[in-house]
Amino acid sequence: MSTLIQQQNQETQFAKCYVDDVYNLVKKRNPNESEFHQAVKEVFDSLVPVLASNPKYIEHGILERMVEPERVISFQVPWVDDQGMVQVNRGFRVQFNSAIGPYKGGLRFHPSVNASIIKFLGFEQIFKNSLTGQPIGGGKGGSDFDPKGKSDKEIMRFTQSFMSELSKYIGPDVDVPAGDIGVGAREIGYMFGQYKKMRGGFQAGVLTGKGLAYGGSLGRKEATGYGTVYFVEEMLKDKGFSLKGSTVVVSGSGNVSIYAIEKAQQLGGNVVACSDSSGYIFDPQGINVDTVKQLKEVEGKRISEYVQEHPHAQFTPGCSGIWSIPCDIALPCATQNEIDEIAANLLVSNGVIAIGEGANMPSTLEAIEIFHANKVLFGPAKAVNAGGVAVSALEMAQNSMRLSWTLEEVDEKLQDIMKNIYRNSIEASHEYNAPGNLVVGANIAGFKKVADAMISQGII
Ligand code: NAP
């Protein structure tokens with residue numbers, strides 16, 4: 001073995017030991033936070049080659065610093081329900097990393113929310129935001145409040161109480177939250193109103209995902225779903241495939257799913273299934289997206305009601321069965337860990353060509369291994385669903401300049417951003433000896449910019 005190869009092997013071994021040490025520290029310091037551990041592991045496993053060839057990242061303790069949020073805020077959210085009873089929820093904001101810009105990331109309202117979920121989402125957001133090429137740091141927040149079945153007045157009282165505390169920690173140049181699961185235009189509107197009342201002055205840039213009448217951006221609602229499909233189309237094109245004529249399955253029927261379905265159909269895909277947390281619809285004639293919009297965006301109903309309008313379609317209770325439907329392209333757009341080993345094997349045995357993660361961390365680590373082992377094109381969440389935060393950053397830019405771009409202008413910028421994310425990720429995968437592995441490519445491309453900025457700014 002040549003001296004050079006021996007030296008490279010030693011550097012790789014050293015980087016592996018460093019990664020293992022920091023990962024063990026994360027587990028020790030954050031016990032019982034399995035989602036956070038999973039997100040860290042996925043990133044760390046990819047970084048070994050970049051750490052081996054750039055010892056400066058180890059010398060500056062970059063991983064130890066990146067896994068420790070700059071600030072974690074946990075607070076009480078008391079509110080009064082329609083029966084006059086006092087309710088108390090828990091609120092969170094994790095301000096993870098501000099090396100390249102103000103903290104930026106959504107707020108999730110869902111009963112499953114806890115410190116582990118918010119930390120996994122905030123950690124992922126660091127790399128995703130870096131990949132967009134825009135000056136935004138990583139953060140995330142939310143509450144274990146369950147919006148399902150709540151009246152409009154209850155939602156308003158809860159969000160006002162939530163913002164009364166959160167308003168102390170955010171601002172247009174400090175931390176700019178947006179929506180996520182359970183937080184759409186209505187919730188953002190109530191929170192914006194409360195922030196304005198508490199802090200005084202009209203600071204449009206404090207939240208994104210706002211209504212168009214008070215500083216929102218055209219195209220923000222569609223951005224994550226459209227961006228997901230733009231990325232997948234780019235990934236397919238590279239291998240001589242296309243969405244045109246393909247069969248597509250999309251999980252969920254919320255914000256990301258609806259606009260992923262719409263764009264996939266516009267590009268010629270036949271989307272045959274979608275779901276919510278109660279079950280899934282199979283419509284071989286193609287999901288009617290207008291019906292899904294009416295049920296979910298307007299009426300707040302269950303997806304099972306789709307069959308009333310389209311009796312030829314079938315509703316099946318339970319979520320995981322959606323992955324047994326044969327398809328060329330699967331777009332998990334609902335929630336974390338919805339594709340496990342069993343679902344991944346089913347998709348592979350039914351001949352899936354490509355996976356595009358519209359949701360955050362929808363595939364388990366075992367599922368990702370199965371896709372890679374079977375040469376399925378795999379687009380990881382932090383690259384694929386970055387279109388939402390990218391257009392949020394465009395909303396911030398428009399707010400600062402006090403102007404509004406047209407839908408076409410925003411969409412054109414979104415398409416460019418998604419193409420660049422794909423290019424940068426695929427190039428990094430080649431540069432670091434994992435050609436075509438977009439998990440490795442996206443993690444490395446997102447990491448380097450943040451790590452270099454941290455080194456430039458010193459130990460702070
Ligand atoms: P949303 O509008 O609240 O929709 C979530 C959808 O997923 C709902 O249809 C929900 O059904 C469904 N769902 C939840 N758990 C499910 C399960 N176990 N199986 C099947 N369906 C399930 O949220 P969203 O904004 O679309 O977010 C979806 C995912 O995308 C999340 O992982 C989020 O972090 C990620 N994401 C969102 C954005 C964004 O801009 N919104 C950006 C980047 C990433 P129910 O109605 O029954 O609850």
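The values are calculated or read from the model by the stated rules, or taken from the named source; none is laboratory data. What you see is a predicted model; the values in this text were computed from it and never measured. Note: ideal-geometry Cβ built from the backbone for every residue, glycine included; neighbour counts use all protein chains shown. The area values use the complete protein model at the heavy-atom level, side chains included, leaving out ligands, DNA and RNA. Shrake-Rupley method; radii C 1.70, N 1.55, O 1.52, S 1.80 Å.
In table form, for the structure just shown:
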read-out	value
Accessible surface, 1.4 Å probe, highest first, among residues S74, S404	S404, S74
Separation of alpha-carbon centers, region 1-49 and region 128-191, rounded to whole Å	33
Where the chain is the region considered: accessible area per residue in Å², 1.4 Å probe	41
Vicinal HN-Hα couplings computed from phi for region 376-381 (Karplus, 6.51 cos²θ - 1.76 cosθ + 1.60; Hz; Gly/Pro x)	7, 5, 10, x, x, 3
Dipole of the chain [Lys/Arg +1, Asp/Glu -1 at C-beta], most positive-end residue of L267, A330, G441	G441
Mean ellipticity per residue at 222 nm, deg cm²/dmol - from DSSP H runs of n ≥ 4 across the chain, formula -39500 (n - 2.57)	-15500 deg cm²/dmol
Proximal aspartates and glutamates relative to K237, as straight alpha-carbon distance under 20 Å, when same-chain residues fewer than 8 apart are discounted	E262, D328, E357, D411, E412, D416, E427
Rounded percent of accessible protein surface that carbon and sulfur make up, the chain, 1.4 Å probe	51
Distance (nanometres) between label positions extended 7 Å along Cα→Cβ at S74 and D290	4.9
The chain shape via C-alpha gyration tensor axes, a/c threshold 1.5	oblate
Relative contact order of the chain, pairs being alpha-carbon contacts under 8 Å that are 6 or more residues apart, as %	14
Distance between region 338-352 and region 366-423 - C-alpha centres, whole angstrom	25
Exposure of H430 as accessible area (Å², to 10), given a probe of 1.4 Å and all protein chains	110
Rounded to 5, percent antiparallel among DSSP beta bridges of region 71-201	65
Antiparallel DSSP beta bridges within region 222-375, percent to nearest 5	45
Relative contact order for region 71-201, counting Cα pairs under 8 Å that sit 6 or more residues apart, in percent	29
Dipole axis of region 120-269 (+1 Lys, Arg; -1 Asp, Glu on Cβ), positive-most option in T224, Y214, S130	Y214
Within-14-Å neighbourhood charge of Y23 [Cβ basis; K, R +1; D, E -1]	-2
Fraction of antiparallel bridges per DSSP, the chain only, in percent to nearest 5	55
Counted charge near G318, where neighbours are those whose Cβ lies closer than 13 Å (Asp, Glu -1; Lys, Arg +1)	-2
Axial C-alpha extent at least 15 Å, average Kyte-Doolittle at least 0.5 - helices from the chain (DSSP)	115-131, 387-401, 438-457
